[in-house]
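The values are calculated or read from the model by the stated rules, or taken from the named source; none is laboratory data. None of these values were measured; they are calculated from a predicted model. When we count neighbours, we look across all protein chains shown, and the Cβ atoms used for this are built from the backbone with ideal geometry, even at glycine. Protein only, heavy atoms only, side chains kept; ligands, DNA and RNA dropped before computing areas. Shrake-Rupley method; radii C 1.70, N 1.55, O 1.52, S 1.80 Å.
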Amino acid sequence: MTDEAHPSPPSRRALIGWGGAGLALGAAAAGGAVAMTRSGDDITPTAAEAGAAVEFHGAHQAGIATPVQDRLHFAAFDVTTDDRAEFVRMLKDWTAAARRMTAGKAVGDGAYGGLAEAPPDDTGEALGLKPSRLTLTIGFGPSLFEKFDLADRRPEALVDLPQFAGDNLDKNRSGGDLCVQACADDPQVAVHAIRNLARIGFGKVVIRWSQLGFGKTSSTTPDAQTPRNLMGFKDGTRNIAGTETDRLEKFVWADGKDAAWMAGGSYLVARRIRMHIETWDRTSLQEQEDIFGRDKGEGAPVGKAKERDKPFLPAMKPDAHVRLAHPDSNGGATILRRGYSFTDGTDGLGRLDAGLFFLAYQKDVREGFIRIQRHLSTDALNEYIQHVGSAVFAVPPGVRDKDDWWGSTLFSEEA
């Protein structure tokens, strides 16, 4: 944690799915209804109801600087084929499916109307649903570069994360040869997308682990209200805005100097952070505010009146979260966050298995997440959280046009 499109025939997706059966159903039930806001006598639909589509093509992948959606389904995959051509064919098929799903269309020929003797191209649970600002973002893990003779193309910036103080990582919730981040305003749309990619990849990839998320805990649109995490505090006040092209160039987009194929891409760190909710809920308000370095109501830094007032770090306790995570305390290190809350039942002792699924994008993992996380070793917040899952990925540049595909810059012979 740190402080700082044109729908076609009805088609879309989601479900109880992939690596979390009952979880996905719960998420869909909790978030399937579309919220409405009232303006005078009119009822104005939210973005989810409006069903907006996010453009799939571009210099950078959507889902990074894109305005953060309400729901997440993140999946890490292991590659099970050793046939490079077969894997590339899958990436092309995934791209074609992602292009259609983000536009609100069914995969291939759809969920019905084809040969009765063959499985349909689309699983069908999202028929009639709108795009809901679905974005699909792919990344390649360090282990992928050991396969298909790609070791010489692994970027220097894609380093294996070191063991940090307090880590208690579950290997079954860590790592992965590649990942897909699905974000949308409708949970069924997000889960449906991952389900269909997993189905298309059958025999070539298998889901290693996945995570559902709700209630975005950071925003790339600073003009909107800053979201709160499960501890009740505003989170990500100083996050990079999607419109801040200069900061994105400086801190987020890879320049391709150490790997030409990554120019326009980024590096993603994904961390599953368990919150000790019950202990936190018995902590006094004053201590909670001292731990964060902000007040709980307005979100103002210590000694200030408004959330976005510039923090005066010496006024905070030496181990305050904001003080330790602030760029001024880390040689200017800055990351772009796309975090989500999660609740995954209980731990068998009557305590919620809940917390933050932390997603951080940066130009270089060594100068971004690693530098900040090391400085957070004395964070007072560590008494109430624990990092239990971890992965790092190289996120390639965007798909340029209808003839381009995910990973083309890495796998093309001329790359």
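Take the range 236-257 and flag every residue that is more than 20 Å from Arg308 (Cα to Cα), open to solvent by 60 Å² or more (accessible area, probe 1.4 Å) and in a loop (DSSP other than H, G, I, E, B).
Correct list: Asp255, Lys257.
Considering Asp160, Asp167, which residue is under 30 Å from Asn382 (Cβ atoms) and either aromatic (Phe, Trp, Tyr) or open to solvent by 40 Å² or more (accessible area, probe 1.4 Å) (or both)?
Criteria check complete, one pass: Asp160.
Which residue, of Gly201, Gly176, is touching a Leu at 6+ places or on another chain (Cβ under 9 Å) and either open to solvent by less than 40 Å² (accessible area, probe 1.4 Å) or on the phi > 0 side of the Ramachandran plot (or both)?
So the residue among Gly201, Gly176 that is touching a Leu at 6+ places or on another chain (Cβ under 9 Å) and either open to solvent by less than 40 Å² (accessible area, probe 1.4 Å) or on the phi > 0 side of the Ramachandran plot (or both) is Gly176.
So is Glu117 acidic (Asp, Glu), surrounded by 17 or more Cβ atoms within 10 Å (Cβ to Cβ), out of contact with any Gly (no Cβ under 7 Å at 6 or more places or on another chain) and farther than 20 Å from Val395 by Cα or not?
No.
Consider the range 83-110. How many of its residues are surrounded by 21 or more Cβ atoms within 10 Å (Cβ to Cβ) and among the small types (Gly, Ala, Ser)?
Qualifying residue count, the range 83-110: 4.
Could you list, in sequence order, all residues of the range 281-337 that are more than 28 Å from the chain's Cα centre (by Cα), open to solvent by less than 50 Å² (accessible area, probe 1.4 Å) and closer than 27 Å to Glu367 by Cβ?
Leu313, Met316
Check off (1) modelled with pLDDT of 95 or more; (2) surrounded by 15 or more Cβ atoms within 10 Å (Cβ to Cβ); (3) outside any strand (DSSP E or B); (4) at negative phi for Gly264 and give me the number that stays unchecked.
Failing condition for Gly264: (4).
Tell me which of these Val269 doesn't satisfy, since it passes every other one: (1) under 26 Å from Phe164 (Cβ atoms); (2) outside any loop (DSSP other than H, G, I, E, B); (3) open to solvent by 10 Å² or more (accessible area, probe 1.4 Å).
(3)
For the range 229-239, which residues satisfy the criterion of being modelled with pLDDT of 95 or more and closer than 18 Å to Val68 by Cβ?
Scanning the range 229-239 gives Asn229, Leu230, Phe233.
Look through the range 358-400, keep the residues that are out of contact with any Ser or Thr (no Cβ under 8 Å at 6 or more places or on another chain) and of a type in the set (S, T, N, Q), and return whichever of them is least open to solvent (accessible area, probe 1.4 Å).
Gln373
If we keep just the residues of the range 88-101 that are touching a helix residue (DSSP H, G or I) at 6+ places or on another chain (Cβ under 8 Å) and not charged (D, E, K, R), which is nearest to Ser132 (Cα to Cα)?
Taking the range 88-101 as the starting set, the residues that turn out to be touching a helix residue (DSSP H, G or I) at 6+ places or on another chain (Cβ under 8 Å) are 88, 90-91, 93-94, 97-98, 101.
The next check asks that each one be not charged (D, E, K, R); those that pass are 88, 90-91, 94, 97-98, 101.
Numbers: Val88: 29, Met90: 25, Leu91: 24, Trp94: 19, Ala97: 16, Ala98: 14, Met101: 10 Å.
Among those that are touching a helix residue (DSSP H, G or I) at 6+ places or on another chain (Cβ under 8 Å) and not charged (D, E, K, R), it is Met101.
Would you call Phe214 farther than 26 Å from Ser132 by Cβ and not basic (Lys, Arg)?
So Phe214 does not fit the description; no.
Every residue, every condition in (1) within 30 Å of Thr409 (Cα to Cα); (2) part of a loop (DSSP other than H, G, I, E, B); (3) not hydroxyl-bearing (Ser, Thr, Tyr), yes or no:
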{"site": "Ala118", "(1), (2), (3)": "no, yes, yes"}
{"site": "Leu129", "(1), (2), (3)": "no, yes, yes"}
{"site": "Ser132", "(1), (2), (3)": "yes, yes, no"}
{"site": "Gln163", "(1), (2), (3)": "no, yes, yes"}
{"site": "Cys183", "(1), (2), (3)": "yes, no, yes"}
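Please find, among Leu230, Leu169, the residue that is in contact with a His (Cβ under 8 Å, 6 or more places away or on another chain), farther than 30 Å from Thr95 by Cβ, in a loop (DSSP other than H, G, I, E, B) and among the aliphatic types (A, V, I, L, M).
Values: Leu230 fails: in contact with a His (Cβ under 8 Å, 6 or more places away or on another chain).
Exactly one residue qualifies, and that residue is Leu169.
Please pick out the residue among Asp149, Asp78 that is surrounded by fewer than 18 Cβ atoms within 10 Å (Cβ to Cβ) and at pLDDT 95 or above. Can you show your working first?
Details: Asp149 fails: at pLDDT 95 or above.
Every option except Asp78 fails the conditions.
Among the listed residues Val206, Val189, which satisfies the condition of being of a type in the set (Val, Ile, Thr), outside any loop (DSSP other than H, G, I, E, B) and buried (at least 22 other Cβ atoms within 10 Å of the Cβ)?
Sole residue among the options that is of a type in the set (Val, Ile, Thr), outside any loop (DSSP other than H, G, I, E, B) and buried (at least 22 other Cβ atoms within 10 Å of the Cβ): Val189.
Give the residues of the range 204-224 that are out of contact with any strand residue (DSSP E or B) (no Cβ under 7 Å at 6 or more places or on another chain) and among the small types (Gly, Ala, Ser), sorted by residue number.
The answer is Ser219, Ala224.
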